[in-house]
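Quick notes on the structure that follows.
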Amino acid sequence: MKKAKILIVAAILMALGNSLNAQSVKEVKNLNYDKGYNFDIELSCSIPSVWEFSSSHGYSFGNGLYVGGGAGFFAEFLPDYNSTPTYYIPVFAHAKYNFCNTLASPFIMLKAGVNFDVCNTGMNIDINPAIGLDIDRYSIIFGYEMMNGVWKHCEGTSNHYFKAGIGITI
């Protein structure tokens, strides 16, 4: 009798385990593995003091690869905190690759483009490689941003920032 109860409980647990596993395969999916249009929003902060908001629109090929383009707005606050911030409008190409089709998936990402300086009528050439983790439709991003300035009134500048951000895919 005791053996029969153990066999029944084991059979029920195996059946539940198989049904839960089957549901998780269908439900747990990375959005970059869905073929079609994707829209991303990102909020990031760079050290020492750059705050950026951007959005990217593009196409996901269904194998983890996403390619698109975007624009945004960011402000650079100078370290003395008494001067006015510099405002930029970035326009960029965006490529991202997710390594696996799971709920939590690591990725690599590259954004490259130009940042138009609203205050000084110049622009920066911008390259931003990054790594991160997608969890469902949310992203945690860590990157390195390199900007090389091209200005009408002077030689230009070269800035390097470490960057951290959060994003959402809609």
Can you tell me which of Ala71, Ala4, Ala15, Ala75 is farther than 18 Å from Asp134 by Cα, at pLDDT 90 or above and not in a loop (DSSP other than H, G, I, E, B)?
Ala71
Cβ-Cβ distance below 8 Å, separation of 6 or more or different chains: which pairs start in the stretch 86-99 with a residue that is closer than 8 Å to Asp117 by Cβ and end on one that is open to solvent by 40 Å² or more (accessible area, probe 1.4 Å) and among the polar types (S, T, N, Q)?
Thr86/Asn120
Check whether at least one residue in the stretch 20-37 is open to solvent by 80 Å² or more (accessible area, probe 1.4 Å), of a type outside the set (D, E, K, R) and at pLDDT 60 or above, and report yes or no.
yes
Is it true that Gly149 is in a strand (DSSP E or B), modelled with pLDDT under 90 and among the small types (Gly, Ala, Ser)?
yes
Pick from the stretch 103-124 the residues that are of a type in the set (Gly, Ala, Ser) and over 19 Å from Arg137 (Cβ atoms): which of them is most open to solvent (accessible area, probe 1.4 Å)?
Ala112
Enumerate the pairs (first residue in the stretch 41-58 and touching a residue at least 40 places away in the same chain (Cβ under 8 Å) and under 12 Å from Gly72 (Cα atoms); second residue anywhere and among the aliphatic types (A, V, I, L, M) and crowded, with 20+ Cβ neighbours inside 10 Å) with beta-carbon separation below 9 Å, excluding pairs fewer than 6 apart on the same chain, so at least 6 apart or on different chains.
Glu42/Ile141; Ser44/Val50; Ser44/Ile141
Pick from Cys100, Cys119: which is assigned to a loop (DSSP other than H, G, I, E, B) and within 22 Å of Ala75 (Cβ to Cβ)?
Cys119
Based on what the data block shows, is Pro90 modelled with pLDDT under 95, of a type outside the set (Gly, Ala, Ser) and buried (at least 19 other Cβ atoms within 10 Å of the Cβ)?
yes
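The values are calculated or read from the model by the stated rules, or taken from the named source; none is laboratory data. Because the structure is predicted, anything quoted here is derived from the model rather than measured. No Cβ is skipped: glycine too gets one built from the backbone with ideal geometry, and neighbour counts run over all protein chains shown. These area figures cover heavy atoms from the full protein model, side chains too; ligands, DNA and RNA do not enter into them. Shrake-Rupley method; radii C 1.70, N 1.55, O 1.52, S 1.80 Å.
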